[in-house]
Structures are given as structure tokens and as C-alpha cells.
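Chemist: The following block contains the structure, expressed as C-alpha cells.
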There are 2 protein chains.
Amino acid sequence: MNGHYKKDAWSIIEEGLDPSMQEASESIFSLGNGHMGQRANFEEKYSGETLQGNYLAGVYYPDKTKVGWWKNGYPEYFAKVLNAPNWIGIDVEINEQQLDLHKCELKDFRRELNMRQGTLDRTFTVIIQGKKLDIAVRRFLSMRRDEIGAIRYSIKSSDFSGRISFTPYIEGNVLNRDSNYGEQFWEMEGTGAKQGSGYLMARTRKSRFISCMTMGYEMQLNQETLDSEAEVTERHDYVANRVTVEIGRGDEVLFYKYVSVLTSMNHDQPDMVQRGKQMLQNAQEAGFDALFEEHTKVWENSWAHSDIVIEGDTAAQQAIRFNIFQLNQTYTGKDERLNIGPKGFTGEKYGGSTYWDTEAYMIPFYLSTATDEVARNLLIYRYKHLEKAIENGKKLGFTGGAALYPMVTMNGEECHNEWEITFEEIHRNGAIAFAIYNYIRYTGSQNYLAKYGLEVLIGISRFWRQRVNWSDVKGKYVILGVTGPNEYENNVNNNWYTNKVASWTLEYTLKALDQVMESDPEAYNEINNRTGFDFKKETTAWKDILDNFYFPYNENTGVFIQQDGYMDKEQVMAADLDPSQRPINQHWSWDRILRSCFIKQADVLQGIYLFEDEYEMDTIKRNFDFYEPRTVHESSLSPCVHSILASRIGLHDKAYEMYLRTSRLDLDDYNNEVSEGLHITSMGGTWMSVVYGFGGMKIRNGLLSFDPRLPERWKGLSFKILYRGRTLKIIIDKETVTIENLEGEGLELYLMGEKAILDQNGSTVANM
Amino acid sequence: MNGHYKKDAWSIIEEGLDPSMQEASESIFSLGNGHMGQRANFEEKYSGETLQGNYLAGVYYPDKTKVGWWKNGYPEYFAKVLNAPNWIGIDVEINEQQLDLHKCELKDFRRELNMRQGTLDRTFTVIIQGKKLDIAVRRFLSMRRDEIGAIRYSIKSSDFSGRISFTPYIEGNVLNRDSNYGEQFWEMEGTGAKQGSGYLMARTRKSRFISCMTMGYEMQLNQETLDSEAEVTERHDYVANRVTVEIGRGDEVLFYKYVSVLTSMNHDQPDMVQRGKQMLQNAQEAGFDALFEEHTKVWENSWAHSDIVIEGDTAAQQAIRFNIFQLNQTYTGKDERLNIGPKGFTGEKYGGSTYWDTEAYMIPFYLSTATDEVARNLLIYRYKHLEKAIENGKKLGFTGGAALYPMVTMNGEECHNEWEITFEEIHRNGAIAFAIYNYIRYTGSQNYLAKYGLEVLIGISRFWRQRVNWSDVKGKYVILGVTGPNEYENNVNNNWYTNKVASWTLEYTLKALDQVMESDPEAYNEINNRTGFDFKKETTAWKDILDNFYFPYNENTGVFIQQDGYMDKEQVMAADLDPSQRPINQHWSWDRILRSCFIKQADVLQGIYLFEDEYEMDTIKRNFDFYEPRTVHESSLSPCVHSILASRIGLHDKAYEMYLRTSRLDLDDYNNEVSEGLHITSMGGTWMSVVYGFGGMKIRNGLLSFDPRLPERWKGLSFKILYRGRTLKIIIDKETVTIENLEGEGLELYLMGEKAILDQNGSTVANM
């Protein structure tokens, strides 16, 4: 698929409509604004293959768990991302012939996602009854008014004269592709339609979320507003207006559709119809151009903070912006109840919303590109779910306040049901602990630990204590029966990464206890009471575990071993795989994957990445050299970590290769699945591969530190970060690295290994 | 539940109707005749909790596989045992009040399963409108005419006078309890009803099996046949006749219902209605008493071969007969297309029909109690599925004719979809190979190997060769990623049992090749051509594997280790478990079960049982002493093997305890699940625990051998076996064991370790 989309610094551009690429492009050109989002489905009818997708933040369906053999502890339901009623629809008829790009004669089809301003544009020419019409459609979801969407549909006659009808509608009869037997998840609550407008209110089954969508429109002929009589349709699951205009050669008809999209996440039902109408009216009065301008201003502001500029490599530049754009349109950090699903607003897959992806891959991005509150809200999201994590632990047989956070969740409850994941992929608990540390390390927060963090750490450490057991034969504590980050191994013993995050959590919790006891004894006492913490008994047990923790290690190779028994596998390198067999998860049976040595995503290397400072460069190299060739990167979360580590150990070509793989994963469809949606959460990893990898940023002895290394083919790299009230700009070229302090007090930092002082409004330069 | 059913040598008796026990009793009192079978649902309406179940041999539904995360290699469907149209129904009204045992006043309810004659009887008194009626219902599924069922429903008035109506019907609107969203699996093909009869023809969705059920009836008042006018109902999914009679005090009304049940397994659709009517007519002309008599004669004959008599222990006697009765009514061996499902005709669970249970637990029973053909048909069933087993192997990535038999199947295709079972529980392949050896060892068959067996062995050995891999660190061949018989461990490495059956298969295949090459070179050449067998290359590879196979063994304890890493677990004994936590599979989460050392069913011990002759008594003892205390016996297939081994090593109390557990598993509901159906396949294991365990029977150096040991509380044990054309009777009492040769030539055998000659019609006695 490489090369399907044009390379451009600020846009994704597709030229020509290829039906076999339609679902992929629907993913690539997705729009969102934090509150809602949607795949790039067409406004008008499209009879080719399409995956309809229109999603509302926080709105999900609890599908009943059905498995061959019920296993105790399974959640009763798993959450589904729901395809919501369709509000973008505008049927277009040209002399009573329905416009359908799958069927009509089409020329010069072009689609552009303008990332700078957050718009989706389509332009194309259709030949209908031998006559040409030029069509241009623009759509955006307002970043300023996040419950508003707007569409401008322009039809310009070249040599056509005749009737054009527009039928803007809202359709409640929508399906999920992954539903059983075409089951519907929405029940209609009410509709209303009259000349000029219509609304549709619907409620999800079981979860009882309500959505209310209200539409209005305006039609202009050669920029004169028309007041046409509409044919009004109102059914229980559909509202529409049909308006018609006669046009002649050279005429242009402009049709504007405005929609307000409210949900019960933010409004009470009794008010929703009225509120929806009011919001729509306000938007409509402002008009398309004003809405567009205020929308693009938000994007402008957002780019001012978060843009990364790469010079001399358009593919790399386009890719990083695509990643940042998707992150910023998926999650804005305004609502602490929300989180980031692996596919964001771009597909149905991975039903639930929140995975460990958030802590491991998203927090770093938001820490450096948004105000403290955004990352803090993501952390507090987990703090608020602590009770449910303890309940979840109880369901699996853990006691005494041991918290096991869910693998996938919408509301704090586990909502995934494959035993090897749900019950065994417990390293997620470590990522949640690490995020607390990472947040405090970066922000220098004085109160987060006492206020929120420590309690979560205690819950997680209690879990680890119960989850280890003593092995007589090893004379060590072991962790049996887990799935590590590399999900191509299930139910293994002593996954090195899991053992590492577990022991690290215990250590950090011990330190955190000391710290809070000293800095805020009152808060400590409160936490102590609330959690029934038995300091002596519990910390003694933790220390004993720490003193006797087992970590698989191979003396011959000097590498940490992914899990017990890994070395019994046939050791084959990914490069030796028959290319027709890749990705192996689309060609091999599961047992074959499990038996192979191939690694889906960074596992031991994930641990080395997280705890890099603990390891000598030689150790990092040995482990990288051992594991990289065995890794097939069939998880989106893999190449970014490999890219960062490759940068660290000076494997710059590898770092660049992995950077392209992470940043262009979706644009070049490495894993042959972009039609299902984008890999939103891995995009945080892409950002890390630039800033942590090539930018060489880290926190070292409490100070910010940069050791950048520019890929060979890049002329320059620059990005900004927010750091403890400052805005810093990092400018890297072939010879030098410059740090400018754009805003905020001076600070001390490391630059190319040396301490440097950066004054207020000052800058500092070092040679590379 | 112990004690709910009365202990009786020939019957299962329940006194009093306990609604909370109804579903359990529906399982216990099930009837079958090889062609069809059913749970003990009531003929008349019952509004309490009930699990309707009426099953037709070989008729199944291919339900679509639905899983959270699709894994390559999963079959497209999994087979469901289907609840078929209900033909037993007779609605009864007494003065227009519907008889419903859940609601009416009821006295002296008694239910009896008479195992000697294969009938289900219910007697009870109801008080309706203050008057008493005594009701007696008898039902049987004819063993002589396996498409015929008959019911006699007697109502005798004590002080009642008034109207009695009977409405015999056939109902097509039936559900499976395990269906999704109340989905129906039968489509109606046609019905017809008239005075005196009715039929209903239905077809299963997707699998397109057809069933045609035809009913007739007769009503007598005080033994005079009545010719009442019937109210006839014919709907697309229901046919019925309603007849009414006036009775007075002391009168008895007898209502007979006859049904023929045909399926497309045995009849072509165009003939089915006509054939069904004809069969019904023949049965009806013979009449209930004659049908009953011919039916009981078949049972009499069956018991003459297969009965086991235990003196001095009614509970044990009742239990073994219950097991034998169920086996004989589930599978008669007449139809080589059929096999034995784990729940037989008694419940929906374990959708598919055929598991490794057949080879490991059923073949021995049929070998010794039925003609050679029955066991041979079960073996040929697998021979006929060889092509599909090779296809199944291909789906999982194996090549060159490697056969992996399915874990669960209806027609040779895999129809189960849990990766840890479907892909990994590969030891089933070993059981299929062993059954060939076992059959030949017992029957002395001269031609089975050349005609059928060798080809299957080659396919299975080819699979093992590809399924092992070389471990550099062990310097041995290993088998990674398997689930052994103990399904409380998933995806483990080097399960000792699996490695053992794999290596044994290779060894036996090498021997079998030599044997066939020598005895039947022509057959060998044919097989060679058909399979493309490369003798030198393939046998060399097998021998290399055999020379370097890894078997986990613990030097300290001197036991074979269940799998790599088993000794890392916390070693707790089952006896130390909190009884409220048992069975653990109903109380513990799956991950906790997996991490524990608890064993669901014999695993290492299963291997020691199969290959007993290879091990010294000390080795058997050490392994038994190690594994037995860790085994929770939560599979029905477990206690029988433990009982047999306990007998071998002289742990007679343990052998007896395990015998009761296997034989009374359902009657005493050890695992709290009998309501779902009976454990039919484990009943073969019960038989083994008596004949192989207490009877001490085995084949030793090609000769039959007996070393019996009577449990303390038994006065005597006797059973018959068929062996190479002979019928032998084994009579064991406290002091002696006697073998009588009832039929067939003389033979040499071992008795209490000494060779003995048993003449034609002779007998031999030894002291115990």
C-alpha cells in the first residue's frame, strides 16, 4: 500500500477512487474532536464496500459474554464501541438519478485530509446523463464547539442544466459490523422533522446512553440563499428533508448541513431536544465560514504546542503530523471520564476504551504537549477506578485490598474475556504504577503521590505480593501463568518483563510510603486508615519478595530471558521467514505462533526501555541484538520502543527503519489491517520515538536531558515541549542542538551529556 | 445429594418430587436405545424448572464460531447436540384442569428406572378438586425396533368422577438451552393430523437433517377400547388429538401413545412420511405388551453378556449396573457412522459427539462385552476420518500427510474452538494410536493393521515428527505448547504424558511397519503408494527422535514430572483445600486454577496406566503417591484410572473410594452438575475399574491374565467377558477366583500370576 497516499507535509491526499481501498481510506481520513468522531464515509449514498462508523465518546454497549467454556472470573459483558446514528448523510439526486460514486462516471476524484486545519475535503467531477458537474465537499467536527459538525456540499455545473435534490437526513437504523446476527444496539426514543430541520433521539440497549442529533441546513444558488419547499420525512428511526433546485450551465449550488450531537454523558434527557435545537441554531446563525474559522484557530493553537518539524524527509514529516493530528483529535483531556481507545474514533475493533496503552504510550505525549491537567486526568481516571480494581481482584481470588486493574475497561470494570488476556496479562498493573512515577518525575508534582498515587500503588503492590509464589526448586519467588506484552506467548512462567515491573512496583511503593510519611503525615494517616495498611507486616513481606525475586537470565548469551523455557524454542530469525507468511498472525495457526520464538512486540525490551537507567549500555545492546531479530512487530506498540532503544545504542539505521514503521504504520498499512481503523494509541509511541529517540530526551537525576541524534537523511528536527511551566523549543540540525526557552523561568538541564543553564527567554547550544 | 436415590440392585428409585432435583432426575432417569434418547421429562405439562431434551443419534447443528479474538485455524463451526421435536407429550386434563405436577396436590410420587428391562415408570396420586386419582406412567424406547417409542399412561379413579382428556402431541417448537438469543434450529417441513394420528417432519438448519415423527394412540376404559371422537389440531409446528372420556369411581383409563421416529440418517425424505406411518402401524398392531416383551428380551440378552454382579454392597452393585445400562442404551455398535458423546442422550453439553474418551474409555468396555465388530466399528470410524485429520493438520500448518485428529467431531472435522484445547490438546492423537494396539492385543486380529491400522499410525507419527522440535539447551527433542489430559494446565511444555504417547506411537508404528511388510507385503505396498511413505527417510527421523526424546523427571522425588515448571508451583494437597471451595472449577478463577498444582484428572498416571508393563511397581507407587494427593478428580475420567492403579499397588481402600466416586459420580453428583446430563463416556472407565482394577484383568505376554483383589466389604464379584470367540465367567469371592469357559475353545491364561489351562467348557480355580 506504500505510496497510495501522496506525500505532503500537511495533508494526506488520495487521488482516484479505488473501491478496494475505500475502507482503508475511510480509516485514514477519519475526523474527530474528542467528543465524537467518525470514519470518512461519504455523505451521499455509496453502494461499494464501506464500513460505516460514527462514534460518540464514552458511549458503549455491554455485550453479553459468550464463550465455549465459561471460566470463573469472566466479566458478564464485554464493551463494544458503538456505531451511532448517522448524521452526515445527504442523498443527492441529479435529475432524479441518485449520486453514487460506486456507480456513476467519475473523474478527478481527490480526497484530502488537511491536518493543519482539521478538515476533510473531497473534490471530483461526475458525468451524469452526459453532462459534467464538479463537486466539492468539506466536512469538519468543530474543535471549538465539540457538539457541532458541519458540511459544505458544492455542486457546480459545467454543462449541465436540470434538477438537483439534496436530502439531508439522520438515520437511526445502524449496525455494528461485529454484531451477532445483525443485532441492533440502538432503540429509538423519538424523532421530529419539519421544514428546515429534524432531530433523532436514540438510546442504547442495556447501557441506556442517549444521543440526540439535530440537523439544519441551508441551500444557496450562486451564493443566494434559496427558500425551497422541502419534502419532509419523519419515521421512528429516520428524519429527512428533501429540497430541489433547478440549475443551469455554470451555476453553483451550495448546500450546508449543520448538526448538533448531544449525549447523555453531558445532558439530561428532558432538555436534550431543546438544547440540541438551541446549539444547532447558534451554530447555524454563526454560519459555516465562522464555524470553520474558529475551528481552525483551535488547531492552529494546538499545532503551536505540539508540532514536530522534520526537514528533508516529507514522508517522515507527514507521518509524524498524522500521528499528532490523530492524537489531538481523539483526546483533548477535557473530560476526566474519558480515555483513549486503541482505535479512537476510527473503527469498532478492540471494543473497550482503555488499555495499558494509555499509561505506557499516551501519558508521555500529553505530559509534554499539553497542560499538566491532561496527563493528570488520565491518572485520576485510574485512581477513581481503584475500588473497582480491588473488586476485580476479589473476583479472581485476591484479598485484602489487592487491586488488579482491568485489561480493557469502559467504567473501571473488566470488559474483556479471553482468559489468557483478562486473567493473565497482569503487567498492565505495572504500567499503571509506572505512570504515577513518570508523571511525578516529569512534572515534579509535590502532592500527587499523597493525594492519589500512593493509594493506587498500595493496591497494586498488594496484588503483586499475592500473585508471586515461592518456588522450592528455585529458592526464589516466581510469577507463574502470565501473558507478557508479547501476546504471542500465553500462560508462561516468569515473564521477565512482568517480574521486573512487579518488583519495581514494590520498590517504588516502599519509597513512596517513606516519602509521603515524611512530607505529609496527615495524608499518610488517612490513606493508612482507608486502606487498612499494616506497615510492618506488609512492607516486610514486600522486602522479602524483593530480596528473593527470580529473573530468568541466560549466562551464555548474557541476556534476560523472556520467560522460562524460551530457549527451548527453535531459534529462527524473523528475516528468515517467508515474506508470504507475514504477518504471521494472518497466516499461522495460534499454536504455531505460540510455539515459535517470534515476538509480537517489545517485551524484555519494553522493560529495558522503561528502566533504561538501571542497565549498562552493553546490557542494552546485548538484549537488543538478541531480541530485535526475533521480533515481528505485529503489534502497533512495538516499533516505537525498538526505535528508541536503537537510537540509544547508536543503531541509527534501525532506529530510522523502526521510526518509519511506527509513524507510517497506518499510512503504509504494514500489518494489512488499516481498513479496520487506525492504531491511535501507538501514535503516542511514534511521538516518543522522535522526542525520546531522535531527540534523546529523558529525565536524568531529576533534570531534563537531551542527547539528540539526527537520522542521516534528515536536515533538521525541531519540536516543542511543555516542562514545569516552561515552553522549550528544541532545534536539531546536522551539527548542533539548540534549546530555546520560549516561556517560563530559567532551568538547569543536561545537553549532550553536559549540564547547561537555560535562562528565562534564553537559549543554549551544543555541538552534536 | 448422596442418598437421594434409593439403593437397589436393579433400579434407580426416587420417592417424592423435589422441584430443585427435577433437572438432576431428568438426567438420571434418561432413556435411550442407540438410535435416539431423551431426558426423563414428563409427558404431561410441567411448569417447574426443567431441561427439555430429546436427541437423535448423529443429528447435530453446526453453530457458527464466535470468539473475542479469532485465531487462525479455528473451525468455522462447532457442533451442537440438538434438542429435537418433542414426541413424548401428552397433555392431561381432569375436569378441564390441566395436570401439572408442579402445581397440583401430589402424593406418593415415585419414579423408577428399571435397568433390567429398560423402562421408566412413574406412579403418583393427585388430588384434583378434592378427589384422588392414582396415576402410573410407563415409557420405553424399543431396543428391538429402535425407531419406536411407547408410553402407557394409566389413570385410576379412587373417588373421582368426571372427565379426563388426553392430548397426545408432537411439538416442533423446541429450543436448546445453550442457543443464542433463543435461536431455533429446526425448520418445519410439514405436518399432518387426523383422527387417531399425526406426524411432524422437521429439518435442521444448515446441517439439513430431517426427522419425521408419527404418533398414534389408543384409549381404554377398564380395558375396553374406546372409539372417542378426537379434536384434531394441525399447525405448521404442532400436531395433536384431544380425546375425552367420562369416568366414575374405581374406573381406570389407560392411554397408549406410540411414536415412530425416523431420521434422514436412515431414510430418504420422500419415503419418510409413508415409512413412518407403516412402522407406527406395525408397532400399534403389535400393541404395548408385545412391544414391551420384545424390548425386555433384548435387555435380558444384553445383561447376560455384560452384567457385573457384586455381592454384599448394594450401592456398588446399583452403580455398576447404572453405568453398564447407560453404556448399552447409548451405543449399540450397529452403525459405524455413530460414536459416543460425553453426555450420550442425556444433555446438550459438550456439543460434539466424539472425544478421545471413545478410544481411552469406551473401547475396552465394548471389546469385552460385545462382538469384535462393535469395537472395530469405533476404530473404523477414525480410519474413515483420516483424510479429514490430515486436512485438519494442514490447517494448522503441518504437511506431508501429518494427521491431527480433531478434539471434538461429528463428521471428522474439528468442531471445537478454544485454542488451548483445539490446537493444543494433541494427546488425543496418541489415544487413537493406542486404541489400534489395544484392539489388536485383545482380539488377536490378524488383518486390522494391514487393512486399516497402519495408515492411521503413519499419519499420526508424521504429525508427532513435525510437532517436536530440537531444544539446544536440553539437547533433546521437546514438545512445546500442549494441554495434557489434565486440562487445569494449558499451553505447557513437555507434558510427560503427551511426550510419552508421542514416543510410544513412533515406536509402535515402526513395529507395525515391520509386521505388515513381513505379513502382507502387498498391503504394505498399497499403503506405501497411497501415503507416499518414504521408508528410509521417515523411519530414520522417527528413530532419531526416539533416541533423543525428553521426558521431565525429578531426581529428588523419583517421579515423572507432569510438565516443565510443575515443581515451581506451590505444592498443596487436595485434602487441605477448604471443602467449600470444591469443586475448584466452580469457585476459582481460571488463572488461579492454572497456577495451582491441582490436577483435574489423571495425567502422568494416565500414562502409567496405559503403559503399566513398562514400569516397576516401585515407580508406579512413587508416582501414584505423588500425584494422587494433588488430584481433585473434577473430570469424570479421573477416578477410574486412580482406582485401577490403586488396585495394582495394593491401596485397596483408595481403590474402593475411587470406584465409588467413578461409579456413583452421577448418582451421588460428586461434581454438582448432573442436572446437565450424565457422564456417559466415563462409564466405560467405571467398567474398567471393576474388570481391570478389582478383577485384575490384563493382557500379559499375549495371554489373558487375572490377578483379582476383592474390596473388603464385598462378598463376591462376578462378570463375563468375551475373548477371542469365548465367553468366560470370572467368579471372585473372598478366598478364590474361578474362571469358567462358558463357550468356545480352550485357552491358556494367567491366573494369580501362574499359567493355567482352561479347557473347552472347563473351569479353573485359584486361591487369592
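Nothing in this text is a laboratory measurement; each read-out follows from the coordinates by a stated rule. Remember, it's a predicted structure, so these values are computed and weren't measured experimentally. Here the Cβ is made from the backbone with ideal geometry for all residues, glycine too, and neighbour counts use every protein chain on show.
Chemist: Tilt of helix A:428-443 relative to the longest C-alpha principal axis of chain A, in degrees (0 to 90, nearest 10)?
Modeler: Between the helix axis and the principal axis of chain A, the angle is about 90 degrees.
Chemist: What share of Cα pairs, in percent, lie more than 46 angstrom apart in chain A? Please list the in-between numbers first.
Modeler: Details: 71377 of 294528 pairs.
Taking all Cα-Cα pairs of chain A, the fraction more than 46 Å apart is 24 percent.
Chemist: In addition: So for the stretch A:33-304, what percent of the C-alpha to C-alpha distances run longer than 28 Å?
Modeler: For the stretch A:33-304, the fraction of Cα-Cα distances above 28 Å is 38 percent.
Chemist: Using R₀ = 51 Å, calculate the FRET efficiency as 1/(1 + (r/R₀)^6) where r is the Cβ-Cβ separation of A:Ile757 and A:Lys132; round to 0.05.
Modeler: About 0.20, to the nearest 0.05.
Chemist: Something else now. Contact order normalised by length for chain A, with contacts defined as Cα pairs under 8 Å and 6 or more residues apart; what percent is it?
Modeler: Computed value for chain A: 12 percent relative contact order.
Chemist: Please tell me which of these pairs span more than 30 angstrom C-alpha to C-alpha: A:Lys621/B:Lys474; A:Lys476/B:Lys474; A:Lys334/A:Lys543?
Modeler: The answer is A:Lys334/A:Lys543.
Chemist: Measure nothing fancy, just the Cα-based angle from helix A:496-519's long axis to the longest principal axis of chain A, in degrees from 0 to 90, nearest 10.
Modeler: Once rounded, the angle reads 80 degrees.
Chemist: What is the sum of charges around A:Glu348, taking Lys and Arg as +1, Asp and Glu as -1, for the other residues whose C-beta is under 11 Å from the C-beta of A:Glu348?
Modeler: Details: positive: A:Arg39, A:Lys80, A:Arg177, A:Lys343, A:Lys349; negative: A:Asp178, A:Glu676.
So the surrounding residues net to +3.
Chemist: While we're here: Taking Cα centroids, how far is the stretch A:252-281 from the stretch B:594-667 in Å?
Modeler: Cα centres, the stretch A:252-281 to the stretch B:594-667: 70 Å.
Chemist: What is the calculated FRET efficiency for B:Glu748 to B:Ala304, with r their C-beta to C-beta distance and R₀ = 22 Å, to the nearest 0.05?
Modeler: Values: r = 26 Å, r/R0 = 1.18.
Once rounded, the FRET efficiency stands at 0.25.
Chemist: Related question: State the Cα centre-to-centre distance between the stretch B:516-587 and the stretch A:373-427 in whole Å.
Modeler: That distance is 39 Å.
Chemist: Please give the per residue volume of the convex hull enclosing the alpha carbon atoms of the stretch A:291-449, rounded to a whole number of Å³.
Modeler: For the stretch A:291-449, the hull spanned by Cα atoms encloses 146 Å³ per residue.
Chemist: Turning to a different aspect of this structure: What's the angle, to the nearest 10 degrees (0 to 90), between helix A:521-531's Cα axis and the longest principal axis of chain A?
Modeler: For helix A:521-531, the angle is close to 80 degrees.
Chemist: Another question, if that's okay. In straight Cα distance, which aspartates and glutamates are under 14 Å from A:Lys569, not counting same-chain residues fewer than 8 positions off?
Modeler: Partners found: A:Glu489, A:Asp591, B:Asp472, B:Asp564.
Chemist: Something else now. For A:Met752, which inter-copy label distances result when the label point lies 7 Å beyond Cα on the Cα-to-Cβ vector, reported in nm to one decimal and in ascending order?
Modeler: Its label point is 9.8 nm from the equivalent points in the other copies.
Chemist: Return the lysines within reach of A:Lys720: Cα separation strictly under 17 angstrom, same-chain partners fewer than 8 residues apart disregarded; answer none if there are no such residues.
Modeler: A:Lys698, A:Lys729
Chemist: To continue, here is another question. Take the cross-link list B:Lys71/B:Lys451; A:Lys103/B:Lys206; A:Lys80/A:Lys388 and give me the ones stretching past 26 Å between alpha-carbons.
Modeler: B:Lys71/B:Lys451; A:Lys103/B:Lys206
Chemist: Working from the alpha-carbon coordinates of the stretch A:503-633, get Rg over Rh, Rh being the Kirkwood radius.
Modeler: For the stretch A:503-633, the value is 1.14.
Chemist: Oh, and also: Inside 10 Å of the C-beta atoms of B:565-573, what's the mean count of C-beta atoms belonging to other chains?
Modeler: On the way: counts 12, 1, 4, 14, 9, 6, 2, 0, 0.
That works out to 5 on average.
Chemist: Send over the Kirkwood Rh of the protein assembly as shown, from the inverse of the averaged 1/r over different Cα pairs, rounded to one decimal Å.
Modeler: 36.8 Å
Chemist: What 222 nm value per residue comes from the helices of chain A, counting each DSSP H run with n ≥ 4 as -39,500 (n - 2.57) and dividing by all residues, nearest 500 deg cm²/dmol? Show your work: numbers first, answer last.
Modeler: Working: 19 runs with 226 residues, N = 768.
My calculation for chain A gives -9000 deg cm²/dmol from helical runs alone.
Chemist: Could you list log10 I(q)/I(0) for the stretch B:195-248 at q = 0.17 Å⁻¹, which the Debye formula gives when each Cα is one point scatterer?
Modeler: Cα-only, vacuum Debye calculation for the stretch B:195-248: -0.64.
Chemist: Suppose a student asked you for the relative contact order of the stretch B:33-304, using Cα pairs under 8 Å spaced at least 6 residues apart; what percent would you report?
Modeler: 19 percent
Chemist: Ok, one more. Taking R0 as 41 Å, what FRET efficiency do you get between A:Phe611 and A:Glu293 from their Cβ-Cβ distance, rounded to the nearest 0.05? Before the final figure, lay out the partial values.
Modeler: Values: r = 47 Å, r/R0 = 1.15.
For R0 = 41 Å, the calculated efficiency reads 0.30.
Chemist: Also, I was wondering about something else. Starting from the stretch A:207-256, pick out the trypsin sites (Lys or Arg not before Pro) whose DSSP state is loop and whose Cβ has at most 16 other Cβ atoms within 10 Å.
Modeler: A:Arg208, A:Arg249
Chemist: Using a Cα-Cα cut-off of under 20 Å, which lysines could be cross-linked to A:Lys257, ignoring same-chain neighbours fewer than 8 residues away?
Modeler: Hits, sequence-local ones excluded: A:Lys45, A:Lys156, A:Lys194, A:Lys277.
Chemist: Please say if the stretch A:150-215 is rounded, prolate or oblate, where rounded means a/c under 1.5 for a ≥ b ≥ c the square roots of the C-alpha gyration tensor eigenvalues, and otherwise the choice is prolate for a/b larger than b/c and oblate otherwise? Kindly include the intermediate steps, with their values, before the conclusion.
Modeler: On the way: a/c = 3.43, a/b = 1.98, b/c = 1.73.
Judged from the Cα gyration tensor, the stretch A:150-215 comes out prolate (a/c at least 1.5, a/b above b/c).
Chemist: Moving on. May I ask for the Rg/Rh ratio of the stretch B:673-761, computed from Cα atoms with Rh as the Kirkwood radius, given to two decimals? Display every interim value, and only then the final one.
Modeler: Details: Rg = 14.8 Å, Rh = 14.1 Å.
On the Cα set of the stretch B:673-761, Rg over Rh gives 1.05.
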